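In what follows, a single structure is set out as C-alpha cells and then discussed.
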Amino acid sequence: MEIPMRQVAGKVDDEGNTMLHMVGKRRKDYVSETVEGPGFVLQAELLWYERVKEVTVPHFLNHQNNKKFTAEGLSALTHNELRLQSKEWIKRTAEGCSENAVLISTVAFAAAYTVPGGSDEKTGFPILINHPFFVVFTISDVCALTLSLASVVTFLSILASPFRFQDFKHSLPNKLTLGFTFMFLSVTMMMVAFVATVMLMIKNKESWAKVALYTFSFIPIGIFALSYFPHYITTATSRACKYLHEKTKQLIPRNILVPLKKICCLSNRPKPGDTTSFIP
C-alpha cells in the first residue's frame, strides 16, 4: 500500500524517532518464530532494516532522535548483544565443523594410498584397476578429499572474519551454509568410496548382500541430511529465491510489472458475501 507507506515514512513521533528508528529498536522479549542460530536471526534483522531503509525519506537517514541517536546508531546499539552472541555461535560452529572436515580429508587422503585389492608387486599398478567399481572408488575418494578441504578453507575464512554488522548480512551466513554443504557432500562421497571398496571385496556375493550393504552404508548420510537440510538448506533456498525475485523485479520493465500487480490485486478481491478484510 504505497500511499499509507509514504505517509508513515515521513512521520516523526514525540521522541523524535523516524520509521527507521523504530526498526532499529529490538524488543528484549522477542523470540524468533523459526529455530535458527543467532547469526541467522541477526541476518534477518539487518535485512529487514535495509528493506525499510529503501523506503525511508532520504534526509531521515542522518536524523537524530531526542536521545541524539541516528537510526543506524540506535540499531547498532540495540543489536550489539545479539552480534556478540552471533559471533560466539558462528565461531564455535566453524571450529567444530572444521575439525570434522579435517578428519574426513585425512581419511580420504589415507584411502588413496591403500587401494582395495592391493597393488601388483612387479608393476605397482592396482590389481583391480580394470574393475568398474575401482573407477567409482577413485572418483569418489578424490571428490571427498577435495570437498572436505574446500569445507575447511570455508570455515577458516569465517574464523578470520572481523565479524562486523555488514558481515552478518550475507557474507558469514552464506559462508556457513556453503561450508556445511561442502562437508555434507564430502561425507556422501566418502561413503560412496566405502561402498565401492566393499563391493570390490565381495563382488561374487549375492545381490541381497549388496542391497543390505548400500542400506547400512548410507545411514550416516541420512542422519546428517535429516539434521542439516531442514535447518540450513531450506533457509538458504528461501533466501536465494527472495534474492532472485528482487533481481527479477529489477530486470522486468515497469510497464510489464504494473499490469501484473493489478492482476494480482484483482485476484485478491473478496467475493460477494465475503466478510473478510481486503488488503491490496
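Apolar share of the accessible surface for region 33-106: 52 percent from carbon plus sulfur atoms, 1.4 Å probe. With a 1.4 Å probe rolled over the protein heavy atoms of all chains, the accessible area of GLU54, GLU99 falls in the order GLU54, GLU99, largest first. Of the chymotrypsin sites (Phe, Trp or Tyr not before Pro) found in region 67-115, the ones in coil according to DSSP and having at most 12 other Cβ atoms within 10 Å of their Cβ are TYR113.
Ranking THR114, THR138, THR18 by solvent-accessible area of protein heavy atoms (1.4 Å probe, all protein chains present), from largest to smallest, gives THR114, THR138, THR18.
With R₀ set to 51 Å, the beta-carbon distance separating ARG26 from ILE219 gives a calculated FRET efficiency near 0.75.
Rounded to whole numbers, the Karplus 3J(HN,Hα) couplings from phi for region 177-182 are 5, 5, x, 5, 5, 4 Hz, using 6.51 cos²θ - 1.76 cosθ + 1.60 with θ = phi - 60°, and x at Gly and Pro.
Go through LYS87/LYS169; LYS53/LYS87; LYS25/LYS91 and tell me which ones have a Cα-Cα distance over 22 Å in this structure. The answer is LYS53/LYS87; LYS25/LYS91. Across region 14-26, rounded Karplus estimates of 3J(HN,Hα) from the backbone phi angles (6.51 cos²θ - 1.76 cosθ + 1.60, θ = phi - 60°) give 5, 9, x, 8, 8, 4, 5, 4, 5, 5, x, 6, 9 Hz, Gly and Pro being marked x.
The values are calculated or read from the model by the stated rules, or taken from the named source; none is laboratory data. Please read these numbers as outputs of a predicted model, since none were measured by experiment. Note that each Cβ is placed from the backbone with ideal geometry, even for glycine, and that neighbours are counted across all protein chains shown. For the accessible areas, the whole protein counts, side chains as well, though only heavy atoms, and no ligand, DNA or RNA atoms are used. Shrake-Rupley method; radii C 1.70, N 1.55, O 1.52, S 1.80 Å.
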